1. Step through the table entries 91/218; 8/117; 117/174; 3/90, compare each Cα-Cα distance with 25 Å, and write down the pairs that go over it.
2. Rounded to the nearest angstrom and ordered from largest down, what semi-axes does the equivalent ellipsoid of the range 1-143 get from its C-alpha gyration tensor (root of 5λ)?
3. What's the magnitude of the charge dipole for the chain around its Cα centre, counting Lys and Arg as +1 and Asp and Glu as -1 at the beta-carbon? Answer in Debye, nearest 20.
4. Along each of the three principal axes of the Cα atoms of the range 38-95, give the extent in whole Å, ordering the values from largest to smallest.
5. Which helices, taking whole DSSP H runs in the chain, have alpha carbons extending 20 angstrom or more along the helix axis plus mean Kyte-Doolittle at least 1.0?
6. Among 82, 41, what is the fewest-to-most ranking by other Cβ atoms within 10 Å?
Amino acid sequence: MSKQEIFKNTIPVLLGYIPLGLAFGIYGVASGMPLWVLALTCIFIYAGSVEFVLVAFIVAKASLLEVFIISFLLNFRHFFYTMTLLDDIKKLKNRLYFIYALTDETFALLVSRPKNKNENTNLLFNLTAFFNHSYWITGVLLGAFLGHNLPVRYDGVEFSLVALFAILTYELFKTNPNYKVLFLAFSCAFVGLFIFPEQYFLFGSLIMATAILLIIRKYI
């Protein structure tokens, strides 16, 4: 597969990452984060939903332990991505960057590709990851620049985080319509409103839901 073909395959990701990156950049600026912090964040912390949560944690002055646990839980699915592509990853010359840059969208593009015995796996995997990463960086930097320079109030832009997780939940439910898990999630979130302080709501609710899932996993 040529570089041009790889780029064409990543265009749907470009159309999704640029708007989402814009939202994150504006959200970060509206939350008081400096431009240089946002630039470093989009380059070194390449994990879309976690980046949104990270801004909320920074604003709430959360502890490093909280950040670590929530990031681990949100990105645990990446272990399964790596295991699925393990045979291909072993063939890569630049596997460290690919493992770092492996996202939901990159994984989806690679596992759905037509199989070709003569393909350049190293080029395909790393260039796909690089293109997608560059789209995210571009979106975030553009959003940060616009948010910093345009005389517009961005009050309420933090709702983009809620919208992001709502869309992710809906898409996951369409793929696996498990009403028991959905009911458990809503129940844990509702109960968490009353038993956890505001700054620990997300952290506590995720831990509670994970613990319950582990206990009753045979029944769902």
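1. Numbers: 91/218 37 Å; 8/117 21 Å; 117/174 33 Å; 3/90 22 Å.
Violating the 25 Å limit, Cα to Cα: 91/218; 117/174.
2. Details: eigenvalues 169, 64, 24 Å².
Semi-axes, largest first: 29, 18, 11 Å.
3. Numbers: 16 positive and 12 negative charges, 152 e Å.
Charge dipole, the chain, about its Cα centre: 720 debye, nearest 20.
4. 42, 24, 16
5. Values: long enough: 11-30 (28 Å, 1.81); 121-149 (42 Å, 0.68); 159-175 (24 Å, 1.47); 179-195 (24 Å, 2.07); 201-216 (22 Å, 2.65).
Correct list, ordered by number: 11-30, 159-175, 179-195, 201-216.
6. Working: 82 13, 41 21.
Starting with the residue having the fewest Cβ neighbours, the order is 82, 41.
Taken together, the values in this text are just the output of simple stated rules run on the coordinates, not laboratory data. Just so we're clear, the structure is a prediction, and the values are computed from it rather than from any experiment. Counting neighbours? That spans all protein chains shown, and the Cβs are built from the backbone with ideal geometry, glycine included.
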